[in-house]
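Have a look at the structure below, then the notes.
The values are calculated or read from the model by the stated rules, or taken from the named source; none is laboratory data. Nothing here was measured: the structure is a model prediction, and the numbers come from that model. FYI the Cβ positions are ideal-geometry reconstructions off the backbone, even for glycines, and counts take in every protein chain you see. Just so you know, the surface numbers come from the protein's heavy atoms only, side chains and all, with ligands and any DNA or RNA stripped out. Shrake-Rupley method; radii C 1.70, N 1.55, O 1.52, S 1.80 Å.
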Amino acid sequence: MSEIEAKDAPANAAETGAGAQAERRLNMIEAINDALDVSMARDDSVVVMGEDVGYFGGVFRCTAGLQQKYGKTRVFDTPISECGIIAAAVGMGAYGLRPVPEIQFADYIYPGFDQLVSEAARLRYRSAGEFISPMTVRSPFGGGIFGGQTHSQSPEAIFTHVAGLKTVVPSTPYDAKGLLIAAIEDDDPVIFFEPKRIYNGPFSGYYDQPVQPWKKFDASLVPEGHYTIPLGKARRVTEGEDLTILAYGTMVHVTEAVCKARGVSADLLDLRTLVPLDIEAIEESVRKTGRCLIVHEATRTSGFGAELSALVTERCFYDLEAPVERVTGFDTPYPHSLEWAYFPGPIRIGDALDKILQD
């Protein structure tokens, strides 16, 4: 078994406590809710907070039922103040709680940015380990739902630049639960971005086709109870020889569908976490295939794909048979009327495949 294969879900399940547990078919919303429920039941220090997370159960219903079960002191609504939400969570973490604040849309996380960078990310270092900030900031992100410029952004690269923060992006219900529990149990602050386009089912990139519910797919099989997926471990989605594809979130499913439709044998890696990054898995794959395509929704300039491209070029230069290619969003605000021109869909990904495979 290769190093990457050892990181796939079945092996992880055996290593992290999910192997012998009963399973249910859940969508990603239900899996996230289950992760919060499990974490709160196991640890009284876990608290959930944010706009409309309590009585209403969250705008996407990820926290539904938790306030009724755990009470208003552990699941509570906050004012519309992202700066205040994050600041309060930093203080709660320093005093021994494990807060899980929700930012309703990632587009609104910027008012809390200073607290994340200047306080949460620095607290362990500046206090010489006396205080920590064990907080997990959940936030739906990405496009594909006609949300326009203020409900579709993908700001993950900004946070990967900040030493002291970890950045996680799940792409399946199974991963969403295991990664979220691991993030909540981590002693460092974690930004947990949830791709809202795939909350209810994977997405092929063809927006005019019916949504396929998660429960038709094996990735919806979620073990009951507690299990974790270690942060910093990539998942091989498909094994192939033609090229390596690096993706995360919604783009994992879009690229998988494009490769299947075109008959491309791709070594598709779902990164799962951007920081820490599973660079060993990436190197192993690129050295095998000799080609690398990177796909993400965020803008191209200084997007996380740029860092991935640099790392692949630095570490695998003599193994590459063609330049690293990127398919990304454009350097513009996220458009509403032209969403599917901006969104890295089957046509743009297909064009990139043609280019990299003919070199």
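Here are the numbers for this structure:
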quantity	calculated
Rough spin-label spacing in nm, given labels placed 7 Å along Cα→Cβ, for E23 and R287	3.2 nm
Unit charges on C-beta of K, R, D, E only; dipole of the chain, Debye	600 debye
Most to least packed among 183-193, 129-139 [average Cβ atoms within 10 Å]	183-193, 129-139
Net lengthening on full extension, D44/R315 (0.36 nm per residue, minus Cα-Cα)	93.1 nm
Reachable lysines from K216, criterion Cα separation under 23 angstrom, eight or more residues apart if same chain	K177, K196, K260
Backbone N within segment 123-164 under 15 Å of label point (7 Å from S302 Cα along the Cβ vector)	154-163
T332/K69 FRET efficiency (R0 35 Å; Cβ-Cβ; nearest 0.05)	0.20
Calculated SAXS-style log₁₀ I(q)/I(0) at q = 0.15, 0.19, 0.21 Å⁻¹ - segment 126-205, Debye, Cα scatterers	-0.59, -0.86, -1.00
Accessible-area composition of the chain, carbon plus sulfur, in percent [1.4 Å probe]	53 percent
Nearby aspartates and glutamates by direct alpha-carbon distance to K355 (threshold 20 angstrom, same-chain neighbours under 8 apart not counted)	E241, D242, E256, D267, E297, D319, E321, E325
Share antiparallel - DSSP beta bridges, the chain, percent rounded to 5	20 percent
Rg [Å, one decimal], Dmax [Å, integer] - segment 128-258, C-alpha atoms	15.8, 54
Quotient of C-alpha Rg and 2.2 N^0.38 Å, computed over segment 214-318	1.11
Ranked packing of 151-157, 57-63, 69-75, most packed first, by mean Cβ within 10 Å	151-157, 57-63, 69-75
Over the chain: helical MRE at 222 nm, DSSP H runs n ≥ 4 each giving -39500 (n - 2.57), nearest 500	-9500 deg cm²/dmol
Percent of beta bridges antiparallel (DSSP, segment 159-296, rounded to nearest 5)	30 percent
Cβ-defined net charge surrounding V222, 14 Å radius [Lys, Arg +1; Asp, Glu -1]	-3
Projected area, mean over directions - the chain, Cα convex hull, nm²	17.2 nm²
C-alpha center-to-center spacing [segment 119-190, segment 38-95] in angstrom	16 Å
Shape parameters for segment 291-359, alpha-carbon atoms, Rg then Dmax in Å	13.0, 43
For segment 172-220: accessible area per residue (Å², 1.4 Å)	35 Å²
Proximal charge balance of L179 [Cβ under 12 Å; K/R count +1, D/E count -1]	+1
